[in-house]
Structure formats: structure tokens, C-alpha cells
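The structure appears right after this line, and notes come after that.
The values are calculated or read from the model by the stated rules, or taken from the named source; none is laboratory data. Since this is a predicted model, take the numbers as computed values, not measurements. All Cβ positions, glycine included, derive from the backbone under ideal geometry; neighbour counts span all protein chains shown. Protein only, heavy atoms only, side chains kept; ligands, DNA and RNA dropped before computing areas. Shrake-Rupley method; radii C 1.70, N 1.55, O 1.52, S 1.80 Å.
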Amino acid sequence: MNKNSSNIMALAPSTSNKRETVCIFGTGDFGRALGHKLIQSGYPVVFGSRSTQAPSLIPKDAEVLSHAEAAQKAAIIIIAIQRQHYNFLTPLAEILHGKVLVDISNNLKMNEYPESNAEYLAQLVPGAKVVKAFNTVSAWALQSGTLDASRQVFVCGDNMQAKQMVMDIVRSLGLTPLDQGSLLAAREIENYPLQLFPMWKFPIFLSLGLTAFFFFYCLIYNVIYPYVQENQDFSFFIAITIANQICPTLALILLASVYLPGILAAIIQLYRGTKYRRFPDWLDKWMLCRKQLGLIALAFASLHVLYTLVTPIRSFIKWRTSSQTISQALNNETEPLDNTNAWLGDSYLALGILGFFLFVLLGITSLPSVSNSVNWREFRFVQSKLGYLSLILCTAHTLVYGGKWFLYPSSYRWYLPHAYMLALIIPCIVLVVKFVLIFPCLDKPLTRIRQGWERNPQHSE
């Protein structure tokens with residue numbers, strides 16, 4: 001009997017699912033969009049405004065009252081106004097005492113004020129429980145149902161209960177709350193929307209700088225030198241030939257730069273004998289943007305594949321092939337197949353295909369939807385072991401194709417080596433140093449250091 005009654009109780013509707021009233025101060029674009037989304041999610045909404053006449057754009061199911069009347073109706077009040085207008089809250093301090101104030105404001109530039117807007121709000125209304133949230137979500141995202149925008153909402157606050165109440169609202173709106181800790185994190189959260197691809201700046205600037213350098217380098221090597229020395233016009237090389245030299249060169253250098261900071265970190269840890277000392281700031285920033293470097297390298301490698309596929313249909317290649325055929329016909333001779341060159345050509349292509357396949361695999365596993373479905377050991381195996389294998393294959397691919405130019409003095413034009421020779425420098429350094437680091441005499445102490453062992457613990461910082 002008791003068992004049956006408990007089942008009936010479990011199936012009975014719960015009255016605790018009733019949503020609490022939410023107050024919104026401000027009837028601007030974001031306030032209206034948020035109010036509409038709250039109403040759709042089942043929350044009673046009341047707007048606090050200087051004018052009690054409901055504007056036409058206000059959701060029809062929402063109530064518009066004065067600030068004081070609206071605040072008395074809700075325990076959670078969302079402040080959807082700019083910081084410079086916060087002064088009107090001071091006379092309402094007694095009414096707002098004990099209530100949860102959600103600051104959603106942003107600034108026009110980073111670190112615009114000495115303190116964050118949320119901390120300033122907490123100073124104006126010391127009796128309220130201030131929570132920072134919703135500032136990383138746009139009005140458009142709320143209006144479009146967050147289908148084409150980020151669902152992440154950063155939340156911070158000093159009162160755990162108040163913060164939990166806000167996070168429950170975030171979840172009910174179909175968004176994902178991310179707890180960032182105390183209100184001290186509000187400054188960083190407010191700076192976040194003002195940042196333009198912060199983790200992409202160094203990779204993009206590096207790739208642009210290398211692109212400009214190798215473009216002018218290849219221009220001198222392939223166009224200017226033949227024109228000056230041999231009076232030949234190869235300016236059309238700019239469209240395909242030079243581009244198809246820049247893309248693989250940058251792809252290989254950027255791929256090597258993904259693993260170079262790990263090599264430097266290992267050397268530093270071996271030298272210091274501890275893992276508890278911070279790396280230099282430049283190395284820390286370099287290691288944090290390795291994913292972005294790898295994705296840009298993959299983009300250049302993909303362009304290289306496309307440029308290579310269109311090579312046979314180029315007019316210059318057709319002309320050169322037909323000229324060779326006509327020359328053999330006029331001389332009544334046929335060049336025999338060179339097995340050595342055939343092996344080199346097929347090996348070059350096979351290494352490139354395998355290297356690009358692993359390169360694409362690395363890019364796929366770096367996507368959040370894929371990386372979240374594998375454990376740390378599997379992710380590390382793909383990114384580290386298969387990553388180095390990809391670097392080996394891509395380096396061998398370049399070495400088989402361009403390594404021969406090291407031996408021919410004619411390949412040095414104005415004492416400049418071919419671009420492919422420059423592309424091999426960093427990858428070869430990374431692979432050689434990595435090969436040395438896997439020796440047991442270095443690998444064992446490095447593993448112990450990364451497990452917490454220290455050579456001189458009394459001197460560690």
C-alpha cells in the first residue's frame with residue numbers, strides 16, 4: 001500500500017515548478033528581448049520604467065510599472081541599463097535590500113573604469129546580492145532562439161544562492177551557464193565581449209607576416225631573377241606557382257610551430273628540474289594558441305592540395321609538355337623511363353597524401369564536438385603521437401621534393417636558397433630535438449619531473 005501511494009505521489013504534478021516573477025529595469029532592445037524569452041519560458045515578467053505607459057514593443061504579457069513598484073514584485077531584478085544611469089538605484093536601496101540584482105551591462109572599451117560595472121553596482125546598493133550574467137549574449141541571439149549564436153553565459157557573484165537562482169534562469173532559457181566564481185571575475189567577463197578573436201591574434205599575425213615574407217622571397221626567386229638575368233617574363237607565376245610554394249611552406253612551418261613550444265618547455269623543465277615554476281610569458285601564450293596555429297596550417301595545406309590538383313590544366317604546363325613531345329618527335333628519340341625519378345615522384349605523392357590525411361584528422365579531433373567525446377588519453381594520443389607522425393610525413397614529403405636542391409649550385413639564385421629549403425629548417429630542428437628527448441637518459445627524468453619530482457625542491461618557486 002505504501003509503495004503504491006509513493007508511486008502515485010511521484011506521478012502527481014508538482015506545484016514547485018511555478019516560475020518566480022522576474023523584474024527587468026530597462027525597456028531597451030536587450031531588456032525587451034530578454035523579457036520576451038523569459039515569458040516564453042514561463043516566467044511572469046514585470047518591467048520597471050520611468051514611464052508606466054507600456055511601449056508598443058514591450059511583450060504583451062508583461063506588466064510595466066514604476067521602478068519601485070516593479071522591484072517590490074520580484075526577488076530577481078535584471079538591470080538592463082548602462083552604467084552611467086545606475087544613480088537612480090540609490091533612492092531604491094531600501095526596496096532592493098536582499099534582492100538579487102543581475103548586472104548585464106558592457107562597456108565601450110576594455111578596462112574603461114577602475115572597477116567592473118557589477119562591483120560598482122554592489123557599491124551603490126550594498127544590501128543587494130549582485131550577480132553578473134547575460135552580458136555575453138546579444139539581443140539578436142535571444143530573438144533568434146540562440147540557434148545561430150553562442151549559448152554560453154558566464155555567471156559570477158559572491159552569494160552562492162543568488163548565483164544559483166540566476167543559473168537556473170539561464171538553463172530554463174535554453175542557455176548554458178558557466179560559473180566563473182566570485183564577483184571579482186566580473187571585470188574579465190565584461191572584457192570578454194570586447195575581445196576580437198583573442199587566441200587568434202598571434203597565429204594570424206604570424207601567418208600574415210610569413211605570407212608576406214615568402215611572397216616577396218618567391219617573387220624575387222621565381223620572377224625578378226629570371227627577368228633580370230635571363231630576360232624571361234614569368235610574372236604569371238604569381239597566380240599559381242608562387243601561391244603553391246607559399247601554401248605548403250607555411251603549412252609545414254606552422255605545423256612545426258605547434259610542437260616547437262612543447263620542445264622548448266621540455267628543455268626548460270629539464271634545466272630547472274621542476275614543473276612548478278612558470279614558463280616565460282611568451283612561451284605560455286605560444287602554448288595556449290597551438291590549436292589555432294594548427295588550424296591555420298591545415299587551411300594552408302588544403303589550399304596547397306587544391307593548387308596542386310589544378311596544375312595539369314595550366315597553360316604553362318600544357319605548353320611545356322607539348323614542347324617536350326614535339327622535341328622528342330623532331331629528334332626521333334624517346335626518353336626512357338627513369339625508375340629513380342618514378343620512385344621519387346610516387347613517394348613524394350604518397351607521403352603528401354598520408355601526411356595530409358593525418359593533418360585533417362588532427363583538425364577534426366580539435367573540434368569541441370569531437371574532443372569532448374574522447375578521453376584525455378585518446379586526445380593526447382591523436383594530437384601528440386599522430387601529430388608528430390603527420391609532421392614526419394609532411395617533412396619527408398617536402399624533403400623528397402625539395403631536398404635535391406641542396407646539392408645543385410644552380411638552385412641558389414643570388415645566393416638565395418629555394419623556399420622549400422627554408423621550409424625544412426624549423427621542422428627538422430623540432431624532429432631532431434624530439435628524437436633526442438625520447439632517449440631514456442632524458443625521457444625518464446622528464447617524466448618524473450612532470451609527475452611532480454623536483455631536483456632541488458628547496459629552491460622551487
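Tabulated values for the structure
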read-out	value
Residues of region 47-63 satisfying the condition of being surrounded by fewer than 21 Cβ atoms within 10 Å (Cβ to Cβ) and outside any loop (DSSP other than H, G, I, E, B)	GLU63
Out of THR311, THR274, sole residue that is surrounded by 11 or more Cβ atoms within 10 Å (Cβ to Cβ) and touching a Lys or Arg at 6+ places or on another chain (Cβ under 8 Å)	THR274
Selection count, region 64-92, where residues are among the basic types (Lys, Arg) and open to solvent by 40 Å² or more (accessible area, probe 1.4 Å)	1
Positions within region 189-232 being of a type in the set (D, E, K, R) and at pLDDT below 90, in sequence order	LYS201, GLU230
Subset tally (residues that are touching a His at 6+ places or on another chain (Cβ under 8 Å) and either on the phi > 0 side of the Ramachandran plot or open to solvent by 30 Å² or more (accessible area, probe 1.4 Å) (or both)) for region 93-145	1
Entirely in region 65-155, the strands (runs of 3 or more DSSP E) that have 1 or more residues that are among the charged types (D, E, K, R) and over 31 Å from the mean Cα position of the chain (by Cα)	129-132
Entirely in region 368-461, the helices (runs of 4 or more DSSP H) that have 2 or more residues that are in the same structural domain as LEU295 (by the TED database) and open to solvent by less than 50 Å² (accessible area, probe 1.4 Å)	368-371, 387-402, 419-423, 425-437, 440-450
Which listed residue is in contact (Cβ under 8 Å) with a residue 40 or more places away in the chain and either part of a helix (DSSP H, G or I) or over 30 Å from ALA239 (Cα atoms) (or both), from LEU298, LEU306, LEU337	LEU298
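Residue-wise test of (1) acidic (Asp, Glu); (2) in the same structural domain as ASP29 (by the TED database); (3) farther than 22 Å from TYR192 by Cβ.
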{"position": "ASN87", "(1), (2), (3)": "no, yes, yes"}
{"position": "ILE104", "(1), (2), (3)": "no, yes, no"}
{"position": "LEU108", "(1), (2), (3)": "no, yes, no"}
{"position": "TYR113", "(1), (2), (3)": "no, yes, no"}
{"position": "GLU119", "(1), (2), (3)": "yes, yes, no"}
{"position": "ALA122", "(1), (2), (3)": "no, yes, no"}
{"position": "PRO126", "(1), (2), (3)": "no, yes, yes"}
{"position": "LYS132", "(1), (2), (3)": "no, yes, no"}
